[in-house]
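The values are calculated or read from the model by the stated rules, or taken from the named source; none is laboratory data. Predicted model only: the values in this text are computed from it and were never measured. As a convention, Cβ positions derive from the backbone with ideal geometry for all residues, glycine included, and neighbour counts pool all protein chains shown.
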Amino acid sequence: MIGSRNYWPIAAAVIAALSAIVVLPAIYDEYSLLQLTIYAILSVLALSLAFIWGYGGILSFGHAVFFGLGAYSYAIGAINFGETTIALLLSMVIPGLFAAALGYFLFYGRISDVYLGAITLTVTLIFFNLASSTSGPEYRVGRVPLGGFNGIPSIPQLNVPGFPDWTLSTTELFALSVATLALVYIGLRLLINSDFGRIVVAIKENEVRAELLGYDARKYKLVTFVIGGAIAGLAGCLFANWGGFTSPAVFALGQSVQIIIWVVVGGVGTLAGPVIGCVLIQWLTNSLASLNTVNNNLIMGGILVVVVLMLPQGLVPTIARLARGRRPVQRLDAATKGLGGASTKSEARA
Amino acid sequence: MSMNRRDFLKTAVISSAAIALSPGVVGNALAATDILVGSIHDLSGGLDAYGKPMQDAMVLAAEEINAAGGLLGRPLKIVTKDPQSSMQQYAQLAQELALRDKVAVLHGGITSASREVIRPIMRKTNTLYFYNTQYEGGVCDRNTFCTGQTPAQNLATAVPDIMGRWGKKIYIVAADYNYGQIVSQWVKKYALENGGNILSIDYFPLDVTEFGPTVQKIQAANPDFVFSALVGGAHLSFYRQWAAAGLKGKIPMASSTFSHGQEHVVLNASESDGILVSGNYFPSIDNPANKAFTGAWAKRFGADYPYITELAAATYQGMHLWAKGVSKAGTLDRTQVLEALESGISFDGPTGRVSIDPATHHCTMDIRLGEVKDKKWSVCETWPQRAPLDTSSVCDLIKSPNENQQFVIKI
Amino acid sequence: MDYLIAVGLEVVSGIASLVLISIGLAVVFGMMKVINLAHGEFLMMGGYATITAANAGVNIWVSILLIAPLVVGLIGLIVERFVIRRLYGRVIDTMLATWGLSLLFIGLATTVFGNTTAGISSPLGPVNIGHVGVSAYKFFIVAVALAVIVALYSLFKLSRFGLVARATMQNAAMSSALGVEPPRVYAATFAIGSALAGLAGGVLAPITGVVPSLGAAFVAKAFITVIGGGSTVLVGTLSASGIFATVNQLASFATTPVIGEVALLGSAIILLRLLPHGITGRFFKGRI
């Protein structure tokens, strides 16, 4: 499994990111750059779930909570401090700390499967409810009113650390987002190939066996969860930069489900797949917005159902298999390990 | 990990190329002589009952202007985008309309949240923006025009009038977001000024459907009337559960939001009869412009169209106000159109005369009190030409044209 | 005193509503380990079936109690045949496909009915407890919830179908070897779950506004209730509904609806932390 050829995707990512940063701003207009920027940002978010679910086996139905915390932390920090470096750090530290607390609660309480999903969903819904009900002037952090349902508008752009007046232009934000995506991808790939990564995957494959070998599954899951949370927070920070706003919708059920959709469409257990899934779905949503003959929910829903039925393994694994001249196989529960295969367990018991 | 990465990298490159190319194809397909007008309203998702009539109003106004020879001799073309009730889509689509389609003006946004997403993008890209929804007031931005009514404008006369009909003890139920909170404070202010008192203000998240405890609380408080600033599909349940508990005939109800989401179409006559709504537009307004408007609407969209909302009327008027500004300026140049619009443009529309107030970029307009009976509205009071008092207390774009924020108005 | 009785009634009817909106999901999850994220839209379609029938002149009680479950049960059969059946054993894929279905049904309802449809009002007037008026319809909701529980208990515990269904749930291969066709059992179970969702939608139709996005308000709550209850259908749903609705209603009375909602969600988290497999993962094991 581990060999030199596993490192060539890293080289590919570096080359792709560098050429994108150099070439694309020269040939594309501002709008296309902004669109590519949001794709890159959401891809970072997709990667964070791809890691904790596809490799760590932890399926969170409330992954958006970290994304939202990142966006809100950055917004509050940036407006309060003026200089954005601390805000940028906060946008990773706060979601990371929250992931640590929540993860401790979950993994040290031995909660798993669909019950873990239910708790994470509930947590994000609590944030959604609380954030939505902060519209009164009495709800403020420092000098930032939280704004309730409307959220926080006019969030300042990131500035180059130490230079409060040098805020990022559209092109610079694009470059930063693409670079972040490449770095996160490379970082996760290295992590997965490390000893730590192999233990994490081993625990996903068989938690009992890993524990019998002396590894504390709870600790490894917790660290995985914290890394995923911090990355999602970073994506939230970039998102707040891209649009200049954040609102409680980042905590909504739909946002969390969307991340899961990206990962499944692209392929669970890969890193490139979720990125492609994210870009495809986002592009599709955006294209539907201009096409107003049939209700958009109808089309989007139909496509999702068909994708799940036709591409049982997700896009990337299916294409990879087809390219090798093999028929795609039905995905068994290996890919749904996040739920620990509730059905396999009950069958195994009987 | 046994898969061929070269192949999916290839796919990734191909698909990203397709993504990058396709919007350009759509953008360039339009004829060069059309004047492009951007329209962003939710046509699917939770707010579509608000967005659909607004979109239809855009289409109707554009077709009327085109039938009369277009603007500056060129036809208007509406570029419609459906943000699917997502703020991220609002941002993306506003960028697309401003930067790629380079629309002459953008009309749209329903919630204040969506407006605050669109507004900075329009300002940054120097694209004129019209927001045609009634909202909490306070927006102060020379690039933006707000054609909907604001609370002080709407409630200063209506609240004392309603208190005169029913009594002084008021219980307020409102949607838990900025609009609901601010409207409640204005109701409170006008009630106290007129010797009334507020028994309680209850706020509800937009997805609440269970109002049992609240119905009981209101009964226990026993107000003279209930003032509702509830919003959206989920909050419809309140009116249903209110009627089911037998309170419909006992405690009367007034509102500043009822009918904008076509609530009275979904509710039955027995559940909605007698509710008073203060606002700017009701389809039964008796003036020639409104007769022509409702006639044209029925002809274009069918006589069985559920309901022409106030937001639709404001959108229609927003389009015409903008068109008058362009005609007066004789060019699409943003600065000159802005100056023309600030020169005191007014339009005799379905809601009566609407005039742009140069200092606030809000509109002076008629305010009415309507009563619903058997799903139809009758106008029982009209207060002509109310100025946007709340916004003008904080915003003066003549003195400080570079202002760019939404003020929180001290109530 | 009258007020206290009214509060008590709100709590009981709150429990009954929560039982009704989650029981369909609970049957499907408990028996088949399928999480149907289109559950809210099944409710919504039940609501539309009811108001369409009632507006067409059908007796309102027939519309609620018969037409809504029949129509949605039928839709459930179709969905099972063409989507769910292809995804058995793939929990996540089923969730995603049903999320797709939920969008599809919202779009479909908007296309067919438009975004506003005239609804029906409560067929029962108010009753007075002392001088406090409450809706008599609340008693009806409690009665329907009780009837559903009794009917499900008899179906699964006393009927032959129930025996076969429970056997298939425990060990599909074994029951298949004994001559049962598991796909049929699954289809029937899913249809029953859907019909129950339809019934809930029908029952709610006169006290909510029936709009295409109706389901969104219910699906998360139903999901949390079902998971909180654990895999035992009846006892789980009943006990989780009992705890969550009581907390929610009392907190709403004492404070605000937001706190009520947050209290419900908070109690769900605490419950799952104490009982990591839901209430019935710890107690009442092996019952229905």
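Looking at B:TYR135, is it within 23 Å of B:GLY261 (Cβ to Cβ) and either buried (at least 20 other Cβ atoms within 10 Å of the Cβ) or more than 14 Å from chain A (Cβ to nearest Cβ) (or both)? Write out each step before concluding.
Numbers: within 23 Å of B:GLY261 (Cβ to Cβ): yes; either buried (at least 20 other Cβ atoms within 10 Å of the Cβ) or more than 14 Å from chain A (Cβ to nearest Cβ) (or both): yes.
Yes.
Any idea which of (1) more than 18 Å from C:ALA97 (Cβ to Cβ); (2) part of a loop (DSSP other than H, G, I, E, B) is the one A:VAL268 doesn't satisfy?
(1)
Does B:LEU99 count as part of a helix (DSSP H, G or I), surrounded by fewer than 23 Cβ atoms within 10 Å (Cβ to Cβ) and either more than 12 Å from chain A (Cβ to nearest Cβ) or touching a Cys at 6+ places or on another chain (Cβ under 8 Å) (or both)?
Working: part of a helix (DSSP H, G or I): yes; surrounded by fewer than 23 Cβ atoms within 10 Å (Cβ to Cβ): yes; either more than 12 Å from chain A (Cβ to nearest Cβ) or touching a Cys at 6+ places or on another chain (Cβ under 8 Å) (or both): no.
The answer is no for B:LEU99.
Quick check on my filter: what residues within the range A:193-240 are of a type in the set (S, T, N, Q), part of a helix (DSSP H, G or I) and either away from every other protein chain (no Cβ under 14 Å) or on the phi > 0 side of the Ramachandran plot (or both)? Full working, then the answer.
Step one: list which residues in the range A:193-240 are of a type in the set (S, T, N, Q), which gives A:193-194, A:206, A:224.
This time we only want the ones that are part of a helix (DSSP H, G or I), so: A:193, A:224.
Correct list: A:THR224 only.
Considering only residues that are touching a helix residue (DSSP H, G or I) at 6+ places or on another chain (Cβ under 9 Å) and either within 13 Å of A:THR246 (Cα to Cα) or hydroxyl-bearing (Ser, Thr, Tyr) (or both), look in the range A:80-91 and name the one that is surrounded by the most Cβ atoms within 10 Å (Cβ to Cβ). Reasoning before the result, please.
Pass one, the range A:80-91, residues touching a helix residue (DSSP H, G or I) at 6+ places or on another chain (Cβ under 9 Å): A:80-81, A:84, A:86-91.
Add one more test, that the residue is either within 13 Å of A:THR246 (Cα to Cα) or hydroxyl-bearing (Ser, Thr, Tyr) (or both), and what stays is A:84, A:91.
Details: A:THR84: 26, A:SER91: 33.
If we take residues in the range A:80-91 being touching a helix residue (DSSP H, G or I) at 6+ places or on another chain (Cβ under 9 Å) and either within 13 Å of A:THR246 (Cα to Cα) or hydroxyl-bearing (Ser, Thr, Tyr) (or both), then A:SER91 is surrounded by the most Cβ atoms within 10 Å (Cβ to Cβ).
Could you grab the pairs with beta carbons closer than 8 Å, sequence gap of 6+ or different chains, first residue in the range B:37-50 and within 10 Å of another protein chain (Cβ to nearest Cβ), second one part of a loop (DSSP other than H, G, I, E, B) and of a type in the set (Phe, Trp, Tyr)?
Pairs that qualify, where the first residue is within 10 Å of another protein chain (Cβ to nearest Cβ) and the partner is part of a loop (DSSP other than H, G, I, E, B) and of a type in the set (Phe, Trp, Tyr): there are none.
Okay, residues lined up against (1) within 12 Å of chain C (Cβ to nearest Cβ); (2) surrounded by fewer than 19 Cβ atoms within 10 Å (Cβ to Cβ); (3) at pLDDT 90 or above:
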| residue | (1), (2), (3) |
| --- | --- |
| A:TRP242 | no, no, yes |
| A:ALA252 | yes, no, no |
| A:ILE261 | yes, no, no |
| A:GLY273 | no, no, yes |
| A:SER287 | no, yes, no |
| A:ASN292 | no, yes, no |
| A:ASN295 | yes, no, no |
| A:GLY314 | yes, no, no |
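Quick one: in the range B:222-241, which of the residues that are over 13 Å from B:PHE258 (Cβ atoms) and among the small types (Gly, Ala, Ser) is modelled with the lowest pLDDT?
By that ranking, first place goes to B:GLY233.
Looking only at the range A:300-311, count every residue that is more than 7 Å from chain C (Cβ to nearest Cβ) and crowded, with 20+ Cβ neighbours inside 10 Å and tell me the total. Show your work before the answer.
Within the range A:300-311, the first condition is being more than 7 Å from chain C (Cβ to nearest Cβ), and the residues that meet it are A:303, A:306-307, A:310-311.
Checking the rest, the ones that are also crowded, with 20+ Cβ neighbours inside 10 Å come to A:307, A:311.
Residues that pass the stated criteria total 2.
C:LEU37 is checked against (1) in a helix (DSSP H, G or I); (2) out of contact with any His (no Cβ under 7 Å at 6 or more places or on another chain); (3) modelled with pLDDT of 85 or more; (4) more than 14 Å from chain B (Cβ to nearest Cβ) and fails just one. What number does that condition carry?
(1)
Has the range B:355-366 got any residue that is part of a loop (DSSP other than H, G, I, E, B), free of Cβ contacts under 8 Å to residues at least 60 places away in the same chain and not acidic (Asp, Glu)?
The initial filter retains those residues of the range B:355-366 that are part of a loop (DSSP other than H, G, I, E, B), namely B:358-361.
After this cut, where a residue has to be free of Cβ contacts under 8 Å to residues at least 60 places away in the same chain as well, the list is B:358-359.
Keeping just the survivors that are not acidic (Asp, Glu) gives B:358-359.
Yes, some residue in the range B:355-366 is part of a loop (DSSP other than H, G, I, E, B), free of Cβ contacts under 8 Å to residues at least 60 places away in the same chain and not acidic (Asp, Glu).
Considering only the range C:231-261, state which residues are surrounded by 21 or more Cβ atoms within 10 Å (Cβ to Cβ), over 21 Å from the mean Cα position of the chain (by Cα) and at pLDDT 85 or above.
Hit for the range C:231-261 is C:ALA251, nothing else.
Would you kindly identify the helices (runs of 4 or more DSSP H) lying entirely within the range C:152-240 that contain at least 1 residues that are free of Cβ contacts under 8 Å to residues at least 40 places away in the same chain, within 14 Å of chain B (Cβ to nearest Cβ) and within 30 Å of B:SER259 (Cβ to Cβ)?
Values: elements: C:160-170, C:172-177, C:182-204, C:216-229.
Here the list reads C:216-229.
What pairs can you find where one residue is in the range A:284-309 and closer than 30 Å to B:VAL37 by Cα, the other is among the acidic types (Asp, Glu), and their Cβ atoms are less than 6 Å apart, with a gap of 6+ or different chains?
A:ALA289/B:ASP82; A:ASN292/B:ASP82; A:ASN296/B:ASP82
With respect to A:TRP283, determine if the residue is within 15 Å of A:ILE41 (Cα to Cα), more than 7 Å from every other protein chain (Cβ to nearest Cβ) and modelled with pLDDT of 90 or more.
Working: within 15 Å of A:ILE41 (Cα to Cα): yes; more than 7 Å from every other protein chain (Cβ to nearest Cβ): no; modelled with pLDDT of 90 or more: yes.
It is false that A:TRP283 is within 15 Å of A:ILE41 (Cα to Cα), more than 7 Å from every other protein chain (Cβ to nearest Cβ) and modelled with pLDDT of 90 or more.
How many residues are of a type in the set (Lys, Arg) and surrounded by fewer than 23 Cβ atoms within 10 Å (Cβ to Cβ) if we restrict to the range C:86-145? Before you say what the answer is, go through the steps one by one.
Applying the first criterion (of a type in the set (Lys, Arg)) to the range C:86-145 yields C:86, C:90, C:138.
Within this subset, residues satisfying the condition of being surrounded by fewer than 23 Cβ atoms within 10 Å (Cβ to Cβ) are C:86.
Qualifying residue count for the region: 1.
Tell me the residue from B:ALA229, B:ALA244, B:ALA191 that is free of Cβ contacts under 8 Å to residues at least 12 places away in the same chain, crowded, with 19+ Cβ neighbours inside 10 Å and in contact with a strand residue (DSSP E or B) (Cβ under 7 Å, 6 or more places away or on another chain), please.
Numbers: B:ALA229 fails: free of Cβ contacts under 8 Å to residues at least 12 places away in the same chain; B:ALA191 fails: free of Cβ contacts under 8 Å to residues at least 12 places away in the same chain.
Unique residue meeting the criteria: B:ALA244.
Take C:ALA54 and tell me if it is small (Gly, Ala, Ser), away from every other protein chain (no Cβ under 12 Å) and out of contact with any strand residue (DSSP E or B) (no Cβ under 9 Å at 6 or more places or on another chain). Before the answer, list the steps.
Details: small (Gly, Ala, Ser): yes; away from every other protein chain (no Cβ under 12 Å): no; out of contact with any strand residue (DSSP E or B) (no Cβ under 9 Å at 6 or more places or on another chain): yes.
Spelling it out, it is not the case that C:ALA54 is small (Gly, Ala, Ser), away from every other protein chain (no Cβ under 12 Å) and out of contact with any strand residue (DSSP E or B) (no Cβ under 9 Å at 6 or more places or on another chain).
Going by the conditions given, is B:ASP224 charged (D, E, K, R) and in contact with a Lys or Arg (Cβ under 7 Å, 6 or more places away or on another chain)? Walk me through it before giving the result.
Details: charged (D, E, K, R): yes; in contact with a Lys or Arg (Cβ under 7 Å, 6 or more places away or on another chain): yes.
So B:ASP224 passes the test.
Restricting attention to the range A:149-181, and to residues there that are of a type in the set (A, V, I, L, M) and within 13 Å of chain B (Cβ to nearest Cβ), which single residue is surrounded by the most Cβ atoms within 10 Å (Cβ to Cβ)?
First, pick out the residues of the range A:149-181 that are of a type in the set (A, V, I, L, M): A:152, A:155, A:158, A:160, A:168, A:173, A:175-176, A:178-179, A:181.
Narrowing the set further to residues that are within 13 Å of chain B (Cβ to nearest Cβ) leaves A:152, A:155, A:173, A:178, A:181.
Working: A:ILE152: 24, A:ILE155: 28, A:LEU173: 21, A:VAL178: 23, A:LEU181: 25.
Selected residue: A:ILE155.
Being in a helix (DSSP H, G or I), surrounded by 17 or more Cβ atoms within 10 Å (Cβ to Cβ) and touching a residue at least 40 places away in the same chain (Cβ under 8 Å) narrows it down to one of A:LEU130, A:LEU116, so name that one. Outline the logic, then answer.
Working: A:LEU130 fails: touching a residue at least 40 places away in the same chain (Cβ under 8 Å).
Of A:LEU130, A:LEU116, the one residue that is in a helix (DSSP H, G or I), surrounded by 17 or more Cβ atoms within 10 Å (Cβ to Cβ) and touching a residue at least 40 places away in the same chain (Cβ under 8 Å) is A:LEU116.
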